[in-house]
Amino acid sequence: MEILRLRDDFIKLGQALKAAGLVDSGVEAKFIIQDGLVKVNGEVDTRRGRKLYGGDIVDYKGKQIKIEG
């Protein structure tokens, strides 16, 4: 599980995927999120701008990102 530490109060879903190296670009993140391939806390979320806070867990292609505050 990849750990992402927040610099601010939150990070957006698309930015988190890119920061964790699971996608190469914001455009790629946009498409995989819109296609319903990303889960946040176990539920599909299609909003690229979804704000993630400490404790949130993102799943994509069997890999997980844990957000820490």
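Ligands, DNA and RNA are left out, and with a 1.4 angstrom probe the accessible area of the chain is 64 Å² per residue. For the chain, the share of accessible area belonging to carbon and sulfur comes to 43 percent (1.4 Å probe, ligands and nucleic acids excluded). For residue 64, the amide hydrogen comes within under 5 Å of the amide hydrogens of 2, counting only partners 5 or more places away or on other chains and with H modelled in the peptide plane.
Lysine pair count for the chain (Cα-Cα distance under 18 Å; residues 8 or more apart in sequence or on different chains): 20.
The values are calculated or read from the model by the stated rules, or taken from the named source; none is laboratory data. Here the structure is a predicted model, which means the values were calculated and not measured. Note: areas computed on protein heavy atoms with side chains; ligands, DNA, RNA excluded. Shrake-Rupley method; radii C 1.70, N 1.55, O 1.52, S 1.80 Å.
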